[in-house]
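Structure first, commentary second.
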Amino acid sequence: MSYWTQAPAEVARSLGVGLDGLRSDDAARRLARFGPNEIRARRRTTRWHVVWRQIRSPLVLLLVFAAIASAITGQWIDAAIVGAILAASVGIGYHREYRAEAAIGALLERIQITAEVVRDGQPTTIPVRDVVPGDVIVLSAGSIVPADAILVEATELHVDDAVLTGESFPSAKRVGPVAAGAALRDRTGCVQFGTNVRSGTARALVVETGPRTAFGAIAGRLASRAPETEFERGLRRFGVLLLVAMLVMIVVVFALNVLLGRPVIDTLLFAIALAVGLSPELLPAIVGVNLSRAAQTLASEGVLVRRLDAIEDLGSMQVLCTDKTGTLTEGVVRVSGAYDVRGEPSPDVMTLAVLNAGLQAGLANPIDAALLAAQPMQGRADKLAEVPYDFTRKRLSVIVRRGADLSIITKGAFDHVLEVCARAGGAPLDDARRAELAARYERWSSEGIRVIAVAARALPAQASYGIADERDLDLAGFITLMDQPKADAAATVASLRGLGVRVKMITGDSRLVARHVADEVGLRDTKLLVGADLHDLTDIALVRAAIETDVFAEVDPNQKERILRALRRGGAVVGFFGDGVNDAPAMHAADVSISVETAVDVAKSTADLVLTRKGLDVIHAGIEHGRTTFANTLKYILTTTSANLGNMISMAVASVVLPFLPLTAGQVLLNNFLSDVPAVGIASDRVDPELVAGPRRWDTRFIGRFMLEFGLLSSLFDALTFVVLVVGFRAAPAEFRTAWFVESLFTELVIALVVRTRRPAWRSRPGSVLVWTTLVVAVVAFAMPYLPYVGVLGFTQPPAAIMLAIVAITAGYVIASELLKTWFYRNGNALPVTPTSRAAMPPAAGHTTRADRAAPMATA
């Protein structure tokens, strides 16, 4: 029988357990029997897995084909050269990527999602992967359901199961069996793995774990590879562009040279070498190293990265939406007073509020903690029932027996408590009294004081209690609380503004408190929008309103999500900082979601970045690292593609014009390999301050223009080299190849130092690794013709005059590249940093939501 058709006691008997939880030894045996509670087992990063990733690269496979073809035709020297370059390329990529993978794996281990279960008769927190069938799990608002389970107890339980059912609204759950044929959404007596509790409390008996859960049954669809990020999509498009160019080059060069009567195998190997030379084959390693280095650095500064590409998104972020408590404020709520309806201090109001806080068993929250810290519970009180807090009612009630008296005690947001009150201080609550109370509430709120209302009434004994009992209450008074803005909040907001990131505050708190905090932290003279007004706006109207507004108050969770989607629809790259169960929908809607280690599980599991401490100052460092990572990745692409494109086009043309191939296949590959050695240093290169001053996004058209213009300049100097060598020195094939090898390698080395910065090269200091590797390779290149046994590579010792000419041509190329760079950036080829004024958000064209991650890259 399906477990959802049975009573909890029957299911427990079938599992051989009771309803009071497992013993630790029994749980250990069950874990060994059923395995970890994971949809798919975590695969450790192995050395062989990383090696295989290197080998399966299309570029590496091209080299393997070239080596095999050379060996089959008896060209053992070429085969050995290609094989050596192949081994070196794979070795470098393996070394860098394995270290990066291992480091990221260690960081992810620090972020554990946990579950509360009853073990040995006591509630215990364990990793979700250790939950077993037969466990009794304890759920409250913010919990992620760690397994498929049948409810044993439930109080006003509402579960968001959209991940399984697609339903937009949380579903109500209650204890009891349902029909055997009930659909997943109709199994009200059960909760499923991967869903999350929005409100209420429950205990449930675990029935299925891991791949045997409903989530596991459709894991092929749900656990498929996440949609591409903008960063991934840009790299893929760039890769497709290069692949097409390589295929065209292979076909054209091979066909033309065969028609000219050149040896077929030599020509084929040369064409393949040109294609490989065109590609930035170290790009995956450079990107991986950049991201892993940034992740490790961020971890040391308090930011744990759950999704590596989020570092790039963080660097591109233009708008940061955040809650108020704990980010802009201290997050330490202190009770400043308890007052009756006349505004006089009242110990009775404090006693009622403390009873409500101490007896409620739902979502732990700072207000209740502050109340209990201010005054411990006094006297004996027995809780009979609870109506848990939810984000629609915005109040919480407990039904309490004190001696012979039975009453309901309610506390919550002022308006939401007042709406269920019929009296205030024992007197009827007429319009004049409501206006008087509202004026007092607004006066406190305008001073930054948070106000919650407390009400109560006597109740008769009855079989059950619920929301319907929250009526005709008598308003007892108010609790006032203070949460001071952080001392550095204003400076942090200003520093983020200096980075081109606009901070927007989204809070469920009152408009008056929100305005006060906004003024204190530097969000002055900004438009404020409240949830009630936001509700009346269409999605199109909300786009403009969201762009113009920096403070949103009195909003519910669904409205947070609408705000995020509106900002993204307006074209902004949006981050969201949240830590509560009500933040999860907005975190899903953001480009990059940020949470904190102390957040509820559903927020941590949704977040791309998890902070070890809460505060916007930590995010400031993350943004700078994200922009540094982006800048260095782009440097490698611009450097290699511009130099490679020019050299490969030159050699392709020269192979047709000259009576001999300008370089052998082995020389082309050796040249490409040596030029890539300094490129590894770009991952740790210094970045000019202006490149991290504002949010930047990728644009493949910009890269294409850069490739074309600088590639043509490179080809122009290559043509000059050909003329000097052929006409001026009448160089023989071996001399030509040697001189051309040195010149092309020199130009690739120096162009890296030129295009790595928008400044004049001498005004931007490169990183030490880049400098020293460039110097070493330059010395090797100049000395190579004079080394012993280089004849097997096809090199010879050219006259000193040729080498001096090569140096002169390279110097001219550096000067011309600097002039072209100045012209290129002055003529609108690089748009400025995205402005952050309200009216200057990026255009909506091409932007998408996080769900599809498919936007074309904007400007670099």
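The values are calculated or read from the model by the stated rules, or taken from the named source; none is laboratory data. In this text, all values refer to a predicted model and were calculated from it rather than measured experimentally. Neighbour counts run over all protein chains shown; Cβ positions are idealised from the backbone, glycine included. Quick note on the areas: whole protein, heavy atoms, side chains included, nothing else; ligands and nucleic acids left out. Shrake-Rupley method; radii C 1.70, N 1.55, O 1.52, S 1.80 Å.
Summary of values
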| quantity | calculated |
| --- | --- |
| Matching entry among Ala572, Ala514 (being part of a helix (DSSP H, G or I), at pLDDT below 90 and either of a type in the set (Asp, Glu) or surrounded by 23 or more Cβ atoms within 10 Å (Cβ to Cβ) (or both)) | Ala514 |
| Those residues of the stretch 604-627 which are out of contact with any helix residue (DSSP H, G or I) (no Cβ under 6 Å at 6 or more places or on another chain) and open to solvent by 10 Å² or more (accessible area, probe 1.4 Å), in sequence order | Lys604, Ser605, Thr612, Arg613, Lys614, Ala621 |
| Residue match in the stretch 759-782 (condition: surrounded by 15 or more Cβ atoms within 10 Å (Cβ to Cβ) and either farther than 30 Å from Thr628 by Cα or more than 40 Å from the chain's Cα centre (by Cα) (or both)) | yes |
| Residues being in contact (Cβ under 8 Å) with a residue 60 or more places away in the chain and in a helix (DSSP H, G or I) - total across the stretch 786-806 | 7 |
| The stretch 16-42, residues that are open to solvent by 30 Å² or more (accessible area, probe 1.4 Å), within 19 Å of Gln192 (Cα to Cα) and touching a strand residue (DSSP E or B) at 6+ places or on another chain (Cβ under 7 Å) | Leu19 |
| Selection within the stretch 472-487 - under 16 Å from Lys394 (Cβ atoms) and modelled with pLDDT of 95 or more | Leu473, Leu475, Phe478, Ile479 |
| Filter result for the condition that a residue is more than 27 Å from Ala800 (Cβ to Cβ), of a type outside the set (Asp, Glu) and under 24 Å from the mean Cα position of the chain (by Cα), over Val656, Val687 | Val687 |
| Qualifying residue in the stretch 533-542 (condition: outside any helix (DSSP H, G or I), within 20 Å of Asp313 (Cα to Cα) and either among the β-branched types (Val, Ile, Thr) or open to solvent by 10 Å² or more (accessible area, probe 1.4 Å) (or both)) | no |
| Index of the failed condition, Lys821 passing every other in (1) modelled with pLDDT under 90; (2) touching a Lys or Arg at 6+ places or on another chain (Cβ under 9 Å) | (1) |
| Among the candidates Val163, Val145, Val197, residue that is modelled with pLDDT under 85 and among the β-branched types (Val, Ile, Thr) | Val163 |
| Residue match in the stretch 598-618 (condition: among the aliphatic types (A, V, I, L, M), over 16 Å from the mean Cα position of the chain (by Cα) and within 19 Å of Gly711 (Cα to Cα)) | no |
| Selection within the stretch 359-378 - surrounded by fewer than 17 Cβ atoms within 10 Å (Cβ to Cβ) and either of a type in the set (A, V, I, L, M, F, W, C) or within 19 Å of Ala456 (Cβ to Cβ) (or both) | Ala361, Ala364, Ala369, Leu372, Ala373, Gln375, Met377, Gln378 |
| Residue in the stretch 742-750 that is at pLDDT below 85, closer than 30 Å to Thr629 by Cα, open to solvent by less than 20 Å² (accessible area, probe 1.4 Å) and of a type in the set (Val, Ile, Thr) present | no |
| Given (1) open to solvent by 30 Å² or more (accessible area, probe 1.4 Å); (2) not in a helix (DSSP H, G or I), number of the condition Ala490 does not satisfy | (2) |
| Residue tally, condition closer than 15 Å to Leu320 by Cα, open to solvent by less than 10 Å² (accessible area, probe 1.4 Å) and assigned to a helix (DSSP H, G or I), over the stretch 575-591 | 4 |
| All positions within the stretch 541-556 that are of a type in the set (Val, Ile, Thr) and at pLDDT below 90 | Val555 |
| Members of the stretch 195-208 that are more than 17 Å from Asp130 (Cα to Cα) and either among the hydrophobic types (A, V, I, L, M, F, W, C) or over 24 Å from the mean Cα position of the chain (by Cα) (or both) | Val197, Ser199, Gly200, Thr201, Ala202, Arg203 |
| Identity of the residue in the stretch 174-194, more than 33 Å from the chain's Cα centre (by Cα) and either polar (S, T, N, Q) or at pLDDT below 80 (or both), that ends up most open to solvent (accessible area, probe 1.4 Å) | Gly181 |
| Residue within the stretch 714-729 that is on the phi < 0 side of the Ramachandran plot, within 43 Å of the chain's Cα centre (by Cα) and buried (at least 22 other Cβ atoms within 10 Å of the Cβ) present | yes |
